[in-house]
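Visitor: The structure that follows is given in the form of C-alpha cells.
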Amino acid sequence: MSKLILTLDGAVLKEYPIEKDSISIGRKHGNDIQLNDLTVSGRHALIVSMGEHIYVDDLGSTNGTLLNGARISKTLVKHGDVIQVGNYQFTFYDDTETEYEPTMFIQAEIEETQIIDQNAIANKQIKGERLGAVKILNGPLANKTLELRKPFNTIGFNGIKMAIISRASDHYTISALKSSKLRRDSDTPMHNGKAIPVEATRLKEGDIIELAGTQMRFYYLD
C-alpha cells in the first residue's frame, strides 16, 4: 500500500497510508492530516488518488507546496518524492515499486528505562562541551545538517531503529541496534565502511555513517 512518511528535521513522526481518494493537509481542524504550525496554511494541500496515480495539489497556500525542492501547483508524485508543507516533509512510498528505497531518519530521544532530572539537565552546562552533528551527503535529505543535542539519538529508516548515537560530556559513540525487520544484508548500518558493532564505538570528526545507501558525515559544530 502507498503511504506518506511524515518527518520534521529528519525525525519520522508518523506514517499515513493512502486509503482514500483524497487526503487534505493543513493547520485547521477537519483536515485529514492536521499540522499545528504557522508555516502551514489552514487548508494547505491535497493528496489525490486517480486510478493508479497519486497527485499532490497545492490549495493556494501562503508558503506554497514544494516537490523535491521545487514549488508546484498540481503534480504527479513518484516513489521516493519528497513533498514539503511548511516546515514538514512527506516522503511518498509506493510499495508496488520493485526497487527498495528506504527513508532515512534521525530521532533524538531519552530511553524510557532512564530516570533523568530534566531541570538538572537544563541548568547544567559542561565547560568546553562540544556539540556534534551529522550532515547527510545524499538522498532526499542531502546537505541537511542535524544536531545531536540529546543524550541518545537513534538513526534508521522506515520506522526501523538501526543504531544509536550517544552523547557524553566530551565525545559521542555509536552502536548498532539489532532488528529482525531488515530486508537485505546490504541494509546493515556501516561506520567507515565496516558494520557497526553492538558495542559502543567512539566517533571521530569526519567519520562516515551509512544506512541502506544513505551516507552522513559526523562532525563537531564550531
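Visitor: Applying 1/(1 + (r/R0)^6) with R0 = 41 Å to the Cβ-Cβ distance of Glu52 and Arg130, what FRET efficiency is obtained, to the nearest 0.05? Could the numbers behind the result be given before it?
Guide: Values: r = 50 Å, r/R0 = 1.23.
The pair Glu52/Arg130 has a calculated efficiency of 0.20.
Visitor: Considering all projection directions equally, how large on average is the shadow of the alpha-carbon convex hull of segment 1-101, in square nanometres? If you can, show how the numbers build up before the last one.
Guide: On the way: hull surface 24.2 nm².
Averaging across all directions leaves 6.0 nm² for the Cα convex hull.
Visitor: Still on this structure: Arg43 to Tyr219: extension gain in nm, 0.36 nm per residue of separation minus the Cα-Cα distance? Numbers along the way, then the final one.
Guide: Values: separation 176, 0.36 × 176 = 63.36 nm, distance 3.93 nm.
The Arg43-Tyr219 span can extend by a further 59.4 nm.
Visitor: Same structure again: For Leu13 and Met1 in one chain, what is 0.36 nm times their gap in residues minus the Cα-Cα distance, to one decimal in nm? Before the final figure, lay out the partial values.
Guide: On the way: separation 12, 0.36 × 12 = 4.32 nm, distance 1.88 nm.
Result: 2.4 nm gained on full extension.
Visitor: Now for a separate question. Based on the Cβ-Cβ distance from Asn87 to Glu199, what FRET efficiency comes out when R0 is 35 Å, to the nearest 0.05? Please list the in-between numbers first.
Guide: On the way: r = 37 Å, r/R0 = 1.05.
Plugging the Cβ-Cβ distance into 1/(1 + (r/R0)^6) gives 0.45.
Visitor: With +1 on the Cβ of every Lys and Arg and -1 on the Cβ of every Asp and Glu, and nothing else charged, how large is the dipole of segment 1-58 about its Cα centre, in debye rounded to the nearest 20? Could you put the intermediate results ahead of the total?
Guide: Numbers: 6 positive and 9 negative charges, 43 e Å.
So the magnitude is around 200 debye.
Read-outs throughout are calculated quantities, based only on the coordinates presented, and are distinct from any laboratory measurement. Owing to the predicted nature of the structure, the values given are computational and were not obtained by experimental measurement. Please note: Cβ atoms are built from the backbone with ideal geometry, for glycine as well, and neighbour counts cover all protein chains shown.
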